[in-house]
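Quick notes on the structure that follows.
What follows draws every value from the coordinates through simple rules; no lab data is involved. Owing to the predicted nature of the structure, the values given are computational and were not obtained by experimental measurement. Please note: Cβ atoms are built from the backbone with ideal geometry, for glycine as well, and neighbour counts cover all protein chains shown.
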Amino acid sequence: MRLARIATPAGPRHAVADGADWAVVEDVFARPLVPTGERHPQDGARLLAPVEPRVVLGMAHNTGPADRELPPQAFMKSARTVVGPGDAIRLDPRRGEVKVEGELAVVVRRQCRNLAPEEVPDAVLGWTVGNDVTAVDQVALDEKMTQSKNGDGFTPLGPWVETELDPRDVAIEVRVGDEVAAAGSTSGLARDVVELLVYLTAHLDLGPGDVVLTGAPGTGATVVPGDRAAITLAGIGTLTNPVVRAAL
């Protein structure tokens, strides 16, 4: 099932794909979904970031098998960095080199704390494409990653949420302009989604719409103003964002 957040004349609406339309639902986190009767054609619809998280977490030490030798570690990203398909990633030239990172993003469905492994599937709404934009020259200057992870538009999400996906081996392709700049698979991550959510919820509450960026398995690429970053995850779709110079 494909879930989106769309712009309408009456404001943003959560909706489910139904034939050629987006069918608006009362509560995208409810089970079952209850349609309101409001419908909008998919063709021409403006897609927004599929959720509005209160908490956005990214995973460090989760790029490849060698990271199993390091403890799991998460960093916070401001929810204000979240943008949707087609929205700009804004680069401040004073921050140095910037990379886009294609990642599988987990969208949380319900309030959860201290999840057991068998409880993880019920806590997940679905999966979307995440772009964990990073000012890489800032990483060495700030171990908490505040400086490197929180530029304007540094967390594109979209284009929608897929509820039916096996997260264990999802192919990821990163294009900059017309060129394939990086590729990988979630099978290359050091830790899987179940392990990540068990670890994270042992330390903090997660709730409906919160997002976890699971890690970049070799799927990063440098961008500069004027570029266009397009990240494709098999089974979900493509998230495309222009890269522009930030107004100083």
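Each Lys and Arg adds +1 at its Cβ and each Asp and Glu adds -1 at its Cβ; summed about the Cα centre, region 2-41 shows a dipole of about 120 debye.
Rounded to the nearest whole Hz, the Karplus-based 3J(HN,Hα) values (6.51 cos²θ - 1.76 cosθ + 1.60, θ = phi - 60°) of region 171-188 follow the sequence 5, 10, 10, 10, 10, 10, x, 9, 9, 6, 9, 6, 7, x, 8, 4, 5, x, with x at glycine and proline. Amide hydrogen proximity for V170: with H placed 1.01 Å from N in the peptide plane, the residues at 5 or more positions away or on another chain lying under 5 Å are T186, S187. The alpha carbons of region 126-205 stretch over 41, 37, 23 Å along the principal axes, in descending order.
In order along region 59-72, phi translates into HN-Hα couplings of 9, 8, 6, 8, 10, x, x, 5, 5, 5, 7, 9, x, x Hz, rounded to whole numbers, per the Karplus curve 6.51 cos²θ - 1.76 cosθ + 1.60 with θ = phi - 60° and x for Gly and Pro. Among V124, V161, V34, the largest mean-square fluctuation in a Gaussian network model of the chain (Cα springs under 10 Å) belongs to V34.
For the charge dipole of region 39-122, defined by +1 on Lys and Arg C-beta atoms and -1 on Asp and Glu C-beta atoms about the Cα centroid, which residue among L47, T63, V106 has the Cα displaced farthest towards the positive pole? The residue sitting most towards the positive pole is L47. Cβ-to-Cβ counts within 10 Å put T201, T214, T219 in ascending order as T201, T214, T219, the fewest first. Counting only the Cα atoms, region 2-41 fills a convex hull of 64 Å³ per residue.
Between the amide H of A74 and those of A60, distances stay under 5 Å, these residues lying 5 or more places away or on another chain, with hydrogens modeled in the peptide plane. Here the spin labels are modelled as points 7 Å beyond Cα on the Cα-Cβ line, and at V224 and R54 they lie 4.3 nm apart. For the pair D18 and D169, label points projected 7 Å from Cα toward Cβ lie 3.6 nm apart.
Take the Cβ-Cβ distance between S78 and V136 as r, set R0 to 30 Å, and report the resulting FRET efficiency rounded to the nearest 0.05. Step by step, r from the Cβ atoms, then E = 0.95. Modelled label positions at E195 and Q147, each set 7 Å beyond Cα in the direction of Cβ, lie 3.1 nm from each other. Between R245 and A88, the contour length at 0.36 nm per residue exceeds the alpha carbon distance by 55.6 nm. Centre-to-centre separation between the Cα atoms of region 89-163 and those of region 212-248: 11 Å. Over the chain, the Kirkwood radius and the radius of gyration, each from Cα atoms, give a ratio Rg/Rh of 0.95.
In whole Hz, what ³J(HN,Hα) sequence does region 137-147 give by Karplus (6.51, -1.76, 1.60; θ = phi - 60°), x for Gly and Pro? Once θ is set to phi - 60°, the couplings for region 137-147 become 5, 8, 4, 5, 8, 8, 5, 7, 6, 4, 6 Hz.
Using the Cβ-Cβ distance between R68 and E119 with R0 set to 25 Å, the FRET efficiency works out to roughly 0.60.
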